[in-house]
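Each remark here refers to the structure printed beneath this line.
The values are calculated or read from the model by the stated rules, or taken from the named source; none is laboratory data. No experiment lies behind these values; they were computed from the predicted model shown. Here the Cβ is made from the backbone with ideal geometry for all residues, glycine too, and neighbour counts use every protein chain on show. With ligands, DNA and RNA removed, areas are computed over all heavy atoms of the protein, side chains included. Shrake-Rupley method; radii C 1.70, N 1.55, O 1.52, S 1.80 Å.
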Amino acid sequence: MKYILPGMGANSEMYSGPWYEIDNAHFIDWPPYHQETSIVDLANRLIVEYKINQDDIIIGSSMGGIVGLEIANIIRVKRIILIGSAVSSNELSFLSKALMPLSRKSIVKISQFISSLSKDLIQQMYSKSDPDFIVSMSKAILNWQGYKGDRNIFARIHGKKDHFIKCPDNCEIIDKGGHLIAMSHSRECVDFIKKQLQQHRRV
C-alpha cells in the first residue's frame with residue numbers, strides 16, 4: 001500500500017489529477033485530534049489506525065513527509081518520498097521558525113476565518129482544520145528530533161522557491177515551485193514518484 005499524507009493545514013483534497021495515476025494509493029486525511037503533542041504521538045496513531053507495516057510506502061507533503069519519516073523511525077517502511085518536506089527541524093526556514101512559536105488558538109481561528117472568505121482550495125482546507133491540531137503540531141514540528149534511520153530509503157522533490165522549508169541538496173528541484181508543489185506542480189511530482197518507485201523495484 002502507498003499511503004499519501006497531506007500537509008498540516010490540508011487534507012486529501014490537495015491531491016488531484018495526476019495523483020490518481022499512482023496505483024494502490026490511499027490518500028489519508030488527518031484523524032480527529034486526540035491531544036497528540038508530538039510527531040511521535042501522531043506517527044504511532046497512524047501506524048495503529050491504518051495498520052502501516054514494513055511493506056508499505058509513504059509519500060508525504062510538508063508535515064506529511066515529516067510524519068512519514070517518524071513512522072520510519074518506529075518501523076522501517078519500504079520507501080518514503082518527501083514532497084517539499086524536511087528531515088529535521090533544522091531545515092525549517094527562518095520564516096517558519098519565526099511564525100510557528102506564534103501559533104495560538106485565537107490567532108489561528110482569526111486566520112482561519114480570513115481564509116474561509118477565499119475561494120482558494122488550500123485556504124478553504126486550512127479554514128476547516130482543527131485549530132487545536134494546528135497549534136499542537138506547529139510546536140511539535142519545532143521540537144521534532146528528526147529522522148534517524150537509513151537515508152537510502154527516501155527520495156525528495158522540492159520547490160526552489162519554498163519559503164517554509166529550505167531547499168535541500170541532493171534532491172529533485174522544481175525551479176519555479178514553492179511550498180505547495182504537490183498542487184502547483186502535480187505532474188512533475190507524480191512523474192518523480194513513478195520514477196523513484198520503478199528504480200526501487202529494480203534494486
Residues that are over 19 Å from the mean Cα position of the chain (by Cα), at least 1 per element: which helices (runs of 4 or more DSSP H) completely within segment 79-128 meet that? 94-99, 105-116
Take the conditions more than 16 Å from the chain's Cα centre (by Cα) and either crowded, with 17+ Cβ neighbours inside 10 Å or not aromatic (Phe, Trp, Tyr) (or both) and apply them to Ile22. Does it pass? yes
Test set (1) of a type outside the set (Val, Ile, Thr); (2) out of contact with any Lys or Arg (no Cβ under 9 Å at 6 or more places or on another chain); (3) buried (at least 18 other Cβ atoms within 10 Å of the Cβ); (4) at pLDDT 95 or above - Ala155 fails condition number: (2)
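Let's see how each residue does on (1) aromatic (Phe, Trp, Tyr); (2) modelled with pLDDT of 95 or more; (3) touching a His at 6+ places or on another chain (Cβ under 8 Å):
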residue	(1), (2), (3)
Ile71	no, yes, no
Gly84	no, yes, yes
Asn90	no, no, no
Lys109	no, no, no
Gln112	no, no, no
Leu117	no, no, no
Lys139	no, no, no
Leu142	no, no, no
Enumeration of residues in segment 57-74 that are surrounded by fewer than 20 Cβ atoms within 10 Å (Cβ to Cβ) and in contact (Cβ under 8 Å) with a residue 40 or more places away in the chain: Asn73
Would segment 141-156 turn up any residue that is touching a strand residue (DSSP E or B) at 6+ places or on another chain (Cβ under 6 Å) and of a type in the set (Phe, Trp, Tyr)? yes
Neighbours by Cβ (under 7 Å, 6+ apart or cross-chain): first from segment 14-33, at positive phi; second at pLDDT 95 or above: Gly17/Ser186; Asn24/Lys2
Which is over 14 Å from the mean Cα position of the chain (by Cα), farther than 20 Å from Ala140 by Cα and of a type in the set (Asp, Glu), of Asp41, Asp55? Asp55
Which one is nearest to Gly159 (Cα to Cα) among residues in segment 92-126 that are surrounded by 14 or more Cβ atoms within 10 Å (Cβ to Cβ) and hydroxyl-bearing (Ser, Thr, Tyr)? Ser93
Qualifying positions in segment 29-52 - open to solvent by less than 20 Å² (accessible area, probe 1.4 Å), closer than 19 Å to Pro131 by Cα and in contact with a Phe, Trp or Tyr (Cβ under 7 Å, 6 or more places away or on another chain): Ile39
Can you name the residue in segment 158-177 that is more than 14 Å from the chain's Cα centre (by Cα) and open to solvent by less than 50 Å² (accessible area, probe 1.4 Å) and, of all such residues, is farthest from Trp19 (Cα to Cα)? Pro168
